[in-house]
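Take a look at the structure below.
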Amino acid sequence: MSSLPNILTLSRIFAVPLLAFFLWWPEWRLGYLIGFGLYCIIALTDYLDGYLARAQGTVSKMGTFLDPIADKIMVAAVILVLTAQGYLRGPYAGDVHVIAGLVILVREIAVSGLREFLGGLQVSMPVSRLAKWKTTFQLVSLGALILGGAVHGQPCQSVFEGCGTIAESWVHLIGLVSLWTAAVLTCVTGWDYLRVGLKHMD
């Protein structure tokens, strides 16, 4: 527990409530800017804890257990807060973008349950290259949505609003496009994991 990689992992978990605090007020641009900085730090520690654990040969069962939980807690918290504050909305589609966030959350829960089931059978389920791309688009999308709050302010709340030009909301739009890309990859990788699991459910 006292190793540096595990401390970094725990710091990510404890930083999530603070991140949610800065994103709680949808029109507070400074809060979203601070939140974006904190989000980047959390994402950096996600890379560092795994790198240091492998480099130092200190990969532990505790770290293996906590690392995916820390990731899922952050992703779920950010998606829920951004949804509640209206940041998973956009021109022409309105609240439809919430579906992409919902797909990601459902997949995370399903894959966690599948990993727990296969763990009881001592069957490993390695992370695929496509799943790593999914994680990349997921991190970019949430980061862009947070940064969009700092750069552009709160996005359009209705398909009937005059949403302005693309130049006035391009960061937010990048976040939405990346979110849908992550959602599509989520479905593909989730199905791949499910096929592996079904082989052991006879």
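Key figures for this structure:
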quantity	calculated
Chain lengthening between residue 76 and residue 11 when straightened (0.36 nm per residue, less Cα-Cα)	21.7 nm
Difference of contour (0.36 nm per residue) and Cα-Cα distance, residue 40 to residue 188	50.6 nm
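Every number here is computed from the coordinates shown, using simple stated rules; none is lab data. Computed from a predicted structure; not experimentally measured.
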